1. Which ones in region 93-141 are in contact with a helix residue (DSSP H, G or I) (Cβ under 8 Å, 6 or more places away or on another chain) and among the polar types (S, T, N, Q)?
2. What is the residue count in region 222-238 for residues that are open to solvent by 50 Å² or more (accessible area, probe 1.4 Å) and not small (G, A, S)?
3. Provide a single number: the residues in region 51-71 that are among the aliphatic types (A, V, I, L, M) and closer than 12 Å to I26 by Cα.
4. Exactly one of these conditions fails for T188: (1) among the hydroxyl-bearing types (S, T, Y); (2) touching a Leu at 6+ places or on another chain (Cβ under 9 Å); (3) in a helix (DSSP H, G or I). Give me its number.
5. Examine region 102-116 for a residue that is touching a residue at least 40 places away in the same chain (Cβ under 8 Å), over 24 Å from V200 (Cβ atoms) and exposed (fewer than 14 other Cβ atoms within 10 Å of the Cβ), and state whether such a residue exists.
6. Of all the residues that make up region 81-96, how many are open to solvent by less than 40 Å² (accessible area, probe 1.4 Å) and over 14 Å from the mean Cα position of the chain (by Cα)?
7. Contact list please: Cβ distance under 8 Å, first residue in region 45-63 and under 18 Å from V90 (Cα atoms) and touching a residue at least 12 places away in the same chain (Cβ under 8 Å), second residue among the hydroxyl-bearing types (S, T, Y) and open to solvent by 20 Å² or more (accessible area, probe 1.4 Å), pairs at least six apart or on different chains.
8. Residues to consider are A44, A18; find the one that is open to solvent by 20 Å² or more (accessible area, probe 1.4 Å), out of contact with any helix residue (DSSP H, G or I) (no Cβ under 8 Å at 6 or more places or on another chain), among the aliphatic types (A, V, I, L, M) and assigned to a loop (DSSP other than H, G, I, E, B).
Amino acid sequence: MSEALLTAKEIVKTYPGAQEPVLNRISAEIYLGDFTIIMGPSGAGKSTLLYALSGLDALSSGKVLYRDQELGTLSEKKLAELRSKEFGFVFQQTHLVSNLTLFENVAVAGYLEKGRSEKAVNERAESLLAQMHVEKAKDRLPSQASGGEAQRAAIARAMINRPGLLFADEPTGALNRKNSEEVMNLLTALNQEGQSILMVTHDVKAAIRGTRILYLEDGKILDEISLPSFDAQAEKEREEKVSAWLTSMSW
């Protein structure tokens, strides 16, 4: 039986003046080692769910537990420490610091963790940038890097502290097809090495990299589908299966 890494219990998110909640009594588990995908139509609450599960957005009611620790009971300081140590974040926009090089952007996140030497952090940053195939661009500013290089550096930054769970919100949304595929290849490789990932996407080609897809609509999870670990040789059949399932959900 799979181990639940993160658990949502009856979570609700409402905004002032809204007639319906954005998240409507959602209960779900995110399992250790899974590559979980959240899909659904525009306005379904996908990003809101991701932010709620990561503690970036406060709940109206319900609870989220990470390794049995309830996020809503933590102080802002403790929650920030948890996110820094246990969570990694990759967004559609890279949010890299404009006056730091790609290497510095990655390393700075590692310096925030106490007890690690500068040498150890720098070696980890160098290793991650090489793993992300950005080593040749590491001394460039974000404005001097391509979109794909910047996003791969952002993934390296998210991985610098070896997070228990990597959150990704439309990580390929601002990239062309070639760069999107490179980013998804890296995320797939990380998952197959054991990294747990929770990702929001509207792109079927990105979604088929997951091992589990949750379908969200009107603030509720309507259905889910499980898949084996991604195999490029079975990509066509996998895409056909997921597309058929999405069609059945009126995608």
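The values are calculated or read from the model by the stated rules, or taken from the named source; none is laboratory data. Note that the structure is a prediction, hence the values are computed from the model and not measured. Backbone-built Cβ (ideal geometry, glycine too); neighbour counts: all protein chains shown. When the accessible area is computed, the model is the full protein with side chains, heavy atoms only, and any ligands, DNA or RNA have been set aside. Shrake-Rupley method; radii C 1.70, N 1.55, O 1.52, S 1.80 Å.
1. T94, S98, N105, N122, Q131
2. In the first step, residues of region 222-238 are kept if they are open to solvent by 50 Å² or more (accessible area, probe 1.4 Å); the result is 222-224, 226, 228-229, 231-233, 235-237.
From the residues that got through so far, the ones that are not small (G, A, S) too are 222-224, 228, 231, 233, 235-237.
The number of residues fulfilling the criteria is 9.
3. We begin by selecting, within region 51-71, every residue among the aliphatic types (A, V, I, L, M); these are 52-53, 56, 58-59, 64-65, 71.
Remaining after also requiring closer than 12 Å to I26 by Cα: 52-53, 59, 64.
Going through region 51-71 one residue at a time, the tally reaches 4.
4. Unmet for T188, out of (1) among the hydroxyl-bearing types (S, T, Y); (2) touching a Leu at 6+ places or on another chain (Cβ under 9 Å); (3) in a helix (DSSP H, G or I): (2).
5. No, there is no match, as no residue in region 102-116 is touching a residue at least 40 places away in the same chain (Cβ under 8 Å), over 24 Å from V200 (Cβ atoms) and exposed (fewer than 14 other Cβ atoms within 10 Å of the Cβ).
6. Within region 81-96, the subset open to solvent by less than 40 Å² (accessible area, probe 1.4 Å) is 82, 87-88, 90, 94, 96.
Going one step further and asking which of them are over 14 Å from the mean Cα position of the chain (by Cα), we end up with 82, 96.
Counting residues in region 81-96 that are open to solvent by less than 40 Å² (accessible area, probe 1.4 Å) and over 14 Å from the mean Cα position of the chain (by Cα) gives 2.
7. As it stands, the answer is D57/T48; D57/Y51, since those pairs meet every condition given.
8. Numbers: A44 fails: open to solvent by 20 Å² or more (accessible area, probe 1.4 Å).
After ruling out the rest, the residue left standing is A18.
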